[in-house]
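A.B. asks: Sharing a structure below in structure tokens format, with a few things to ask.
The values are calculated or read from the model by the stated rules, or taken from the named source; none is laboratory data. The structure displayed is predicted, hence computed values, not measured ones. Cβ coordinates were reconstructed from backbone atoms using ideal geometry, including for glycine residues, and neighbour counts include every protein chain displayed. Please note that ligands, DNA and RNA were not included when accessible areas were found on the heavy atoms of the full protein model with its side chains. Shrake-Rupley method; radii C 1.70, N 1.55, O 1.52, S 1.80 Å.
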Amino acid sequence: MKPISVNVDFEEVLLGKPARLSLRASVEFLALWVQAHPLFASRPYSETYLKYVSTKTGQHASVTAQGDPVEWWGETFNTELMKKLSSKTEFKTWWQARWPLEAHNCFSWHELDAIVQDGQWLIKKSDGMSGRGHQKVTREELPRLRDRLEKTLSQGVVVEPLYQRTRDVSALWLSEENRFIYYANLIDDRFQWRGTILNRDTMSEVPEGTQNWRKHLVELQKYVSDLGYQGPFSVDAFFYQSGQGEKFHPGSEMNPRKTMGWVTYQLWKKNKMASASLSLVPLVLTEDTWLQVSQLAEAQLLSPVNCPFTWYWLEAESLRELEVKRAAFLTKLPAVPVRDKV
């Protein structure tokens, strides 16, 4: 079997930037838990960790630094197509033709200055990694941020009110199963992913309150397929609080690649419990603390020693039990160094 490269820096490589091995190393080991190909590793892995994964998964976990790896996370060979599908301004334009949005595409300082008025606003880079490159601004703060923002305006930004988000959800197109599944995401106040929650009884049903979202998702899938992309993709959306009650935003971005939701689904298929969650916390475990955490009963530790994040897997018979297990697991984590980003 050919080794695989977990190129989670997919969007940045599309822009011509060099591979970020530190970023890959913080995520790539997840592949060992869901497939059998050797991992083209960006960091060393101990025999203890590989044996641990093999024992838990029932399949041989191996790594290599040799050979010509296959891109596993995202495809970069059709650069222009993947740039188009990853573009937040392109995605906003697609939705705007079907769903009234308060968002605007801006490509100049004049456009940006005209849109940002009273209240708080969110400015999102059109390209780059999911959840990164977001800037919260007010009208008063805008002038001092001009130099920084003008560096990204040539490629476009999406500008929208800073919504009071209440729930984050995603629709994942499973190309191998020819269907969408739906799940909840845990997102922090800096728009960084912290976890996914999958519920067996509702993952095949579009969430309540999303109006005709499913109809448009089917249309989007056909559009993406007609352009030439046949792989998995996710649409990230959210509910937010407004003066008229809770409302639904159909799409903040699209990710034409594997996603954490995809990994969650692959892990879930092993036991198919009622509720499951893949999550992380920004904690670095030393050898001693890793051993302690790997033996906790509430969750399955997934990440190796000295990873910038502690990744863990939860399964339960209900969402309530899932969150009880999460709380107990987090309470038992040792006091170790904290990392916010790679």
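A.B. asks: Conditions first: (1) over 29 Å from residue 76 (Cα atoms); (2) out of contact with any Asp or Glu (no Cβ under 8 Å at 6 or more places or on another chain); (3) hydrophobic (A, V, I, L, M, F, W, C). Residue 263 passes all but one, so which condition is the exception?
C.D. replies: So the condition that residue 263 fails would be (1).
A.B. asks: Would you check if residue 166 is outside any strand (DSSP E or B) and of a type in the set (S, T, N, Q)? So that I can check it myself, show each step before the final result.
C.D. replies: On the way: outside any strand (DSSP E or B): no; of a type in the set (S, T, N, Q): yes.
No, not satisfied.
A.B. asks: Which of (1) without any contact (Cβ under 8 Å) to a residue 24 or more places away in the chain; (2) open to solvent by 60 Å² or more (accessible area, probe 1.4 Å) is the odd one out, the single condition residue 190 does not satisfy?
C.D. replies: Among (1) without any contact (Cβ under 8 Å) to a residue 24 or more places away in the chain; (2) open to solvent by 60 Å² or more (accessible area, probe 1.4 Å), residue 190 violates only (1).
A.B. asks: Applying the selection to the stretch 75-109, what residues are open to solvent by less than 20 Å² (accessible area, probe 1.4 Å), more than 15 Å from residue 235 (Cβ to Cβ) and polar (S, T, N, Q)?
C.D. replies: 89, the sole residue that qualifies.
A.B. asks: Would you be able to tell me the number of residues in the stretch 131-148 that are surrounded by 13 or more Cβ atoms within 10 Å (Cβ to Cβ) and part of a loop (DSSP other than H, G, I, E, B)?
C.D. replies: Of the residues in that region, 5 qualify.
A.B. asks: Let me ask something additional. If I filter the stretch 39-47 for residues that are over 24 Å from residue 255 (Cβ atoms), touching a residue at least 24 places away in the same chain (Cβ under 8 Å), hydrophobic (A, V, I, L, M, F, W, C) and open to solvent by 30 Å² or more (accessible area, probe 1.4 Å), do I get at least one hit?
C.D. replies: Scanning the stretch 39-47 turns up no residue that is over 24 Å from residue 255 (Cβ atoms), touching a residue at least 24 places away in the same chain (Cβ under 8 Å), hydrophobic (A, V, I, L, M, F, W, C) and open to solvent by 30 Å² or more (accessible area, probe 1.4 Å).
A.B. asks: Testing residue 159 on (1) more than 24 Å from residue 315 (Cβ to Cβ); (2) out of contact with any Leu (no Cβ under 7 Å at 6 or more places or on another chain); (3) not in a loop (DSSP other than H, G, I, E, B), one condition comes back false. Which one is that?
C.D. replies: It is condition (2) that residue 159 fails.
A.B. asks: Among 56, 151, 92, which is part of a helix (DSSP H, G or I) and under 30 Å from residue 297 (Cα atoms)?
C.D. replies: 56
A.B. asks: At least 2 residues that are open to solvent by less than 10 Å² (accessible area, probe 1.4 Å) and polar (S, T, N, Q) in each: list the strands (runs of 3 or more DSSP E) lying fully within the stretch 232-310 that qualify. Lay out the reasoning, then the answer.
C.D. replies: Values: elements: 233-242, 245-255, 275-281.
Result: 275-281.
A.B. asks: Quick check on the stretch 73-83. Is at least one of its residues within 30 Å of residue 216 (Cβ to Cβ), in contact (Cβ under 8 Å) with a residue 60 or more places away in the chain and either assigned to a strand (DSSP E or B) or in contact with a strand residue (DSSP E or B) (Cβ under 9 Å, 6 or more places away or on another chain) (or both)? Write out each step before concluding.
C.D. replies: Taking the stretch 73-83 first, the residues within 30 Å of residue 216 (Cβ to Cβ) are 73-83.
Narrowing further to those that are in contact (Cβ under 8 Å) with a residue 60 or more places away in the chain: 73-76, 78-79, 81-83.
Filter once more, keeping what is either assigned to a strand (DSSP E or B) or in contact with a strand residue (DSSP E or B) (Cβ under 9 Å, 6 or more places away or on another chain) (or both): 73-74.
For the stretch 73-83, residues within 30 Å of residue 216 (Cβ to Cβ), in contact (Cβ under 8 Å) with a residue 60 or more places away in the chain and either assigned to a strand (DSSP E or B) or in contact with a strand residue (DSSP E or B) (Cβ under 9 Å, 6 or more places away or on another chain) (or both): present.
A.B. asks: Hey, can you tell me all the residues within the stretch 14-38 that are open to solvent by less than 30 Å² (accessible area, probe 1.4 Å) and of a type outside the set (Val, Ile, Thr)?
C.D. replies: Correct list: 14, 23, 25, 26, 28, 29, 30, 31, 32, 33, 35, 38.
A.B. asks: So, one more: In the stretch 195-217, what residues are open to solvent by 40 Å² or more (accessible area, probe 1.4 Å) and in contact with a strand residue (DSSP E or B) (Cβ under 8 Å, 6 or more places away or on another chain)?
C.D. replies: If we filter the stretch 195-217 for residues that are open to solvent by 40 Å² or more (accessible area, probe 1.4 Å), which is where we start, we get 200-202, 204-206, 208-209, 211-212, 214-215.
Scanning the stretch 195-217 gives 200, 202, 204, 205, 206, 209, 211, 214.
A.B. asks: Please go through the stretch 311-329 and give me each residue that is free of Cβ contacts under 8 Å to residues at least 24 places away in the same chain and surrounded by 15 or more Cβ atoms within 10 Å (Cβ to Cβ), ordered by number. Outline the logic, then answer.
C.D. replies: To start, the set of residues in the stretch 311-329 that are free of Cβ contacts under 8 Å to residues at least 24 places away in the same chain comprises 320, 323-324, 327.
Residue satisfying the conditions is 323 alone.
A.B. asks: Would you check if residue 277 is touching a helix residue (DSSP H, G or I) at 6+ places or on another chain (Cβ under 7 Å) and not basic (Lys, Arg)? Outline the logic, then answer.
C.D. replies: Values: touching a helix residue (DSSP H, G or I) at 6+ places or on another chain (Cβ under 7 Å): yes; not basic (Lys, Arg): yes.
Yes, satisfied.
A.B. asks: Look at the stretch 95-127 and say how many of its residues are more than 25 Å from the chain's Cα centre (by Cα), under 21 Å from residue 138 (Cβ atoms) and not in a helix (DSSP H, G or I).
C.D. replies: 5
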